[in-house]
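Engineer: What follows is a structure written as structure tokens; I'll ask about it next.
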Amino acid sequence: MRRRGTAALIAVAVLSLLILNLHQEETYRVVYEGEDVHALLLITAREACKSPDKAAILFARAQTLAKHVKVKSYTVSVIENSSNYERGTLLCAARVSTSLGEDTFALNYTYKLVGLRVDELTGRILRIYAVNAYQYFKLPMYNYTIQISITLQPLCPHDYVNGDLAVRGLGPCVLADKWGLKLVIPGG
């Protein structure tokens, strides 16, 4: 009786493992055939926003890497790149039309002066800025836009007050993302 029970238990365990292996082999993520191409084009669009005059060279390189996808047309426009003491904006949009559809990329980096504060330790004035930075991606096979919050790193003496950037001193401050796009807060 005990041997039959042990044999039945082992048979159930082996069958469970076989079913589990079959199920795991069938549940791999299905990769859309053009995902890598879309990622390449969106990265190229972001680089083109950094230097729009090099867009033709960048998209020609992307075309050589994406051999089976034809880039029909592209547009890159820096809609606004302004900065003054109180507010600044870097707004860029790019569209790439291919044989797979149309990819869209946009970035929106802004800062706005929200106040001044005296540093209690040094007696110096801190300029307090609210900084917002987002990048947007739209792929043709999805019906939604992906929005990513970006961290802009201040390349100047700074601190944070209640989550807002506090620039020390009167000099300019460069806000840079990890891809090299920059927004400059002038000194004042």
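Engineer: When VAL71, VAL118 are ordered from fewest to most other Cβ atoms inside 10 Å of their Cβ, what list results?
Structural biologist: Working: VAL71 18, VAL118 10.
Ascending number of Cβ neighbours within 10 Å: VAL118, VAL71.
Engineer: So how much slack lies between SER51 and TYR144, counting 0.36 nm per residue of separation and subtracting their Cα-Cα distance, in nm?
Structural biologist: On the way: separation 93, 0.36 × 93 = 33.48 nm, distance 2.73 nm.
Extra length available between SER51 and TYR144 comes to 30.7 nm.
Engineer: How far apart, in nanometres, would the label points at VAL114 and TRP179 be if each is projected 7 angstrom from Cα along the Cα-to-Cβ direction?
Structural biologist: Result: 2.6 nm between the two label points.
Engineer: Find out how many positive minus negative residues lie around LEU165, taking Lys and Arg as positive, Asp and Glu as negative, among other residues whose Cβ is under 11 Å from that of LEU165. Before the final figure, lay out each step's value.
Structural biologist: Details: positive: LYS112, ARG127, ARG168; negative: ASP159, ASP164.
Around LEU165, the charge tally is +1.
Engineer: Would you mind ranking LEU121, LEU116 so that the residue whose beta carbon has the fewest other beta carbons within 10 Å leads the list? Mind showing how you got there, number by number?
Structural biologist: Values: LEU121 6, LEU116 10.
The order, fewest Cβ neighbours first, is LEU121, LEU116.
Engineer: Please give the net charge around VAL114, taking every other residue with its beta carbon less than 15 angstrom from that of VAL114, where Lys and Arg add +1 and Asp and Glu add -1.
Structural biologist: Working: positive: ARG87, LYS112, ARG117, ARG127; negative: GLU86, ASP159, ASP164.
Summing Lys and Arg as +1 and Asp and Glu as -1 gives +1.
Engineer: Let me ask something else about it. Using a simple spin-label model with points 7 Å from Cα along the Cα→Cβ vector, what separation in nm is obtained for SER77 and ALA60?
Structural biologist: A separation of 2.5 nm, rounded to one decimal place.
Every number here is computed from the coordinates shown, using simple stated rules; none is lab data. Predicted model only: the values in this text are computed from it and were never measured. Every residue, glycine among them, receives a Cβ derived from its backbone with ideal geometry; neighbour counts consider all protein chains shown.
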